[in-house]
1. Out of all the residues in segment 170-200, which are among the hydrophobic types (A, V, I, L, M, F, W, C) and either touching a Cys at 6+ places or on another chain (Cβ under 9 Å) or at pLDDT below 95 (or both)?
2. Taking the criterion of being within 16 Å of the chain's Cα centre (by Cα), modelled with pLDDT of 95 or more and outside any loop (DSSP other than H, G, I, E, B), would at least one residue in segment 145-165 satisfy it?
3. Looking at (1) of a type in the set (D, E); (2) within 18 Å of W40 (Cα to Cα); (3) surrounded by fewer than 16 Cβ atoms within 10 Å (Cβ to Cβ), which is the only condition E185 fails?
4. When residues of segment 105-135 are filtered for being outside any loop (DSSP other than H, G, I, E, B) and either in contact (Cβ under 8 Å) with a residue 24 or more places away in the chain or not polar (S, T, N, Q) (or both), how many remain?
5. What residue, among those in segment 8-29 that are touching a Cys at 6+ places or on another chain (Cβ under 8 Å) and closer than 20 Å to A143 by Cβ, is surrounded by the most Cβ atoms within 10 Å (Cβ to Cβ)?
6. Hey, does segment 160-171 have a residue that's among the aliphatic types (A, V, I, L, M), surrounded by 17 or more Cβ atoms within 10 Å (Cβ to Cβ) and out of contact with any helix residue (DSSP H, G or I) (no Cβ under 9 Å at 6 or more places or on another chain)?
7. Please determine whether any residue of segment 80-91 is buried (at least 19 other Cβ atoms within 10 Å of the Cβ) and either in a strand (DSSP E or B) or without any contact (Cβ under 8 Å) to a residue 24 or more places away in the chain (or both).
8. Would you check which residues across segment 92-104 are part of a helix (DSSP H, G or I) and open to solvent by 30 Å² or more (accessible area, probe 1.4 Å) and list them?
Amino acid sequence: MATQWKVAGTYFEACNCNAACPCVFTGPPTDGDCNVLLAWHVDQGSFDDTRLDGLNAVLFAHTPGHMLQTKWKVALYVDQKANDKQRDALTKIFSGQAGGHLANLGPLIGEVLGVKSVAIDYRANGKQRSLTIPQVAQMEIEALAGQGGQDVTLANVPFTAVPGYPAVVCHSKKLSYHDHGYSVEVSQKNGFYSPFSYQA
């Protein structure tokens with residue numbers, strides 16, 4: 001019998017595309033390749049009888065061209081605060097091995113660069129989101145001001161890591177990633193944030 005699991009919380013991402021990223025509309029990235037960092041904070045979650053509340057996961061993905069037409073290279077980072085059972089659960093959920101929405105990425109992934117247990121500082125403050133993994137990654141985004149100061153949102157886009165929720169369009173203040181031979185340093189590019197909920 002398959003393991004029952006459910007996780008819900010907040011997510012954000014930043015990439016090297018101009019805002020708003022054309023990949024979510026199934027278009028090619030604005031800079032030829034795509035380098036994206038996605039982060040999740042689990043507010044409430046369980047994997048069978050293992051609680052996952054308060055834990056984080058981060059995924060780096062590199063695609064050498066159109067995201068739906070090339071094979072991705074990905075690296076997963078799970079919260080070092082997790083015990084062995086929690087780490088195993090986070091790895092299975094956020095790699096797509098446990099099913100659910102992220103399993104749809106499986107056919108797109110050509111190589112898993114690695115899975116690491118790291119310190120993850122994830123912060124959500126108003127219209128800003130930030131992430132730090134020491135010696136590996138920094139990400140900071142802020143919502144784009146729309147009409148009347150309201151958020152600019154995208155709903156029902158055909159390609160997303162987080163279905164079912166409108167994404168708030170952001171500009172990145174910083175996207176920095178240095179691991180597995182990649183060196184990414186960009187700012188004033190695309191970002192999104194929203195709630196998320198996955199289950200299987």
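The values are calculated or read from the model by the stated rules, or taken from the named source; none is laboratory data. Remember, predicted model here, so these are calculated numbers, not experimental data. When we count neighbours, we look across all protein chains shown, and the Cβ atoms used for this are built from the backbone with ideal geometry, even at glycine. Heavy atoms of the whole protein, side chains included, go into the accessibility calculation; ligands, DNA and RNA do not. Shrake-Rupley method; radii C 1.70, N 1.55, O 1.52, S 1.80 Å.
1. Of segment 170-200, the ones among the hydrophobic types (A, V, I, L, M, F, W, C) are 170, 175, 184, 186, 192, 196, 200.
If the condition is that a residue be among the hydrophobic types (A, V, I, L, M, F, W, C) and either touching a Cys at 6+ places or on another chain (Cβ under 9 Å) or at pLDDT below 95 (or both), then L175, V186, F192, A200 are the ones that fit.
2. No, every residue in segment 145-165 fails to be within 16 Å of the chain's Cα centre (by Cα), modelled with pLDDT of 95 or more and outside any loop (DSSP other than H, G, I, E, B).
3. (2)
4. So the answer is 21.
5. To start, the set of residues in segment 8-29 that are touching a Cys at 6+ places or on another chain (Cβ under 8 Å) comprises 12, 14-17, 19, 21, 23, 29.
Within this subset, residues satisfying the condition of being closer than 20 Å to A143 by Cβ are 12, 14-17, 19, 21, 23.
Details: F12: 28, A14: 35, C15: 27, N16: 22, C17: 23, A19: 20, C21: 27, C23: 22.
The qualifying residue surrounded by the most Cβ atoms within 10 Å (Cβ to Cβ) is A14.
6. Step one: of segment 160-171, the residues among the aliphatic types (A, V, I, L, M) are 161-162, 167-169.
Pick out the ones that are also surrounded by 17 or more Cβ atoms within 10 Å (Cβ to Cβ) and you get 161-162, 167-169.
Now narrow it down to the ones that are out of contact with any helix residue (DSSP H, G or I) (no Cβ under 9 Å at 6 or more places or on another chain): 168-169.
Yes, there is a match, as at least one residue in segment 160-171 is among the aliphatic types (A, V, I, L, M), surrounded by 17 or more Cβ atoms within 10 Å (Cβ to Cβ) and out of contact with any helix residue (DSSP H, G or I) (no Cβ under 9 Å at 6 or more places or on another chain).
7. Within segment 80-91, not a single residue is buried (at least 19 other Cβ atoms within 10 Å of the Cβ) and either in a strand (DSSP E or B) or without any contact (Cβ under 8 Å) to a residue 24 or more places away in the chain (or both).
8. Of all residues in segment 92-104, those part of a helix (DSSP H, G or I) come to 92-94, 101-104.
Passing the criteria: K92, H101, A103, N104.
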